[in-house]
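Just below is one structure, and these are the notes that go with it.
The values are calculated or read from the model by the stated rules, or taken from the named source; none is laboratory data. Owing to the predicted nature of the structure, the values given are computational and were not obtained by experimental measurement. Backbone-built Cβ (ideal geometry, glycine too); neighbour counts: all protein chains shown.
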Amino acid sequence: MNILQTIGLLIVSNIFMTCAWYGHVKLQQIGVITDRTPLYVVILLSWLLALAEYACQVPANRYGFIGNGGALTLVQLKIVQEVVSLVIFTGFTVLLFRGEHLHWNHLAAFSCLILAVYFAFMK
């Protein structure tokens with residue numbers, strides 16, 4: 001599996017995981033679920049989304065790992081996954097939660113993540 005396929009699977013898996021972790025908050029805001037919705041229902045919904053996340057995450061890590069013929073070390077896989085996760089989360093937050101805004105310190109943190117990717121891939 002090439003690096004672009006691995007990153008693509010990581011993007012899809014993180015979309016599902018972000019929805020599993022934070023989607024219920026948005027569903028509550030728009031009235032799809034309420035304070036009266038049992039917590040176990042919200043957890044089961046999140047687990048179903050997490051199952052889809054794992055269906056992409058596990059192959060991305062398994063086939064993207066250099067020890068299985070992929071292109072990335074475990075450290076590189078983890079750093080790429082974290083960057084993808086934060087980018088997906090930021091997009092999710094800015095697009096769906098209109099009250100959230102990016103500030104200079106968030107951009108500074110993203111710059112540090114870009115440096116982390118650079119250093120992780122540096123020979």
Is there a residue being surrounded by 15 or more Cβ atoms within 10 Å (Cβ to Cβ), of a type in the set (Gly, Ala, Ser) and under 20 Å from residue 8 (Cα atoms) anywhere in segment 90-97?
no
If you check every pair at least six apart or on different chains, which have Cβ atoms under 6 Å apart with a residue in segment 59-70 that is surrounded by fewer than 20 Cβ atoms within 10 Å (Cβ to Cβ) and at pLDDT 95 or above first and a residue that is assigned to a strand (DSSP E or B) and not aliphatic (A, V, I, L, M) second?
none
I'm trying to understand the selection: among the residues of segment 82-108, which are among the small types (Gly, Ala, Ser) and touching a helix residue (DSSP H, G or I) at 6+ places or on another chain (Cβ under 8 Å)?
85
Which condition number in (1) surrounded by 13 or more Cβ atoms within 10 Å (Cβ to Cβ); (2) of a type in the set (A, V, I, L, M); (3) at pLDDT 95 or above is the one that residue 51 fails?
(1)
Considering only segment 13-52, state which residues are within 26 Å of residue 82 (Cβ to Cβ) and of a type outside the set (A, V, I, L, M).
13, 14, 16, 18, 19, 21, 22, 23, 24, 26, 46, 47
Per-region count, segment 91-123, residues under 26 Å from residue 62 (Cα atoms) and without any contact (Cβ under 8 Å) to a residue 40 or more places away in the chain:
9
Segment 8-39, residues that are assigned to a loop (DSSP other than H, G, I, E, B) and either buried (at least 18 other Cβ atoms within 10 Å of the Cβ) or among the aliphatic types (A, V, I, L, M) (or both):
30, 32, 33
Could you tell me whether any residue of segment 64-80 is part of a helix (DSSP H, G or I) and among the aromatic types (Phe, Trp, Tyr)?
no
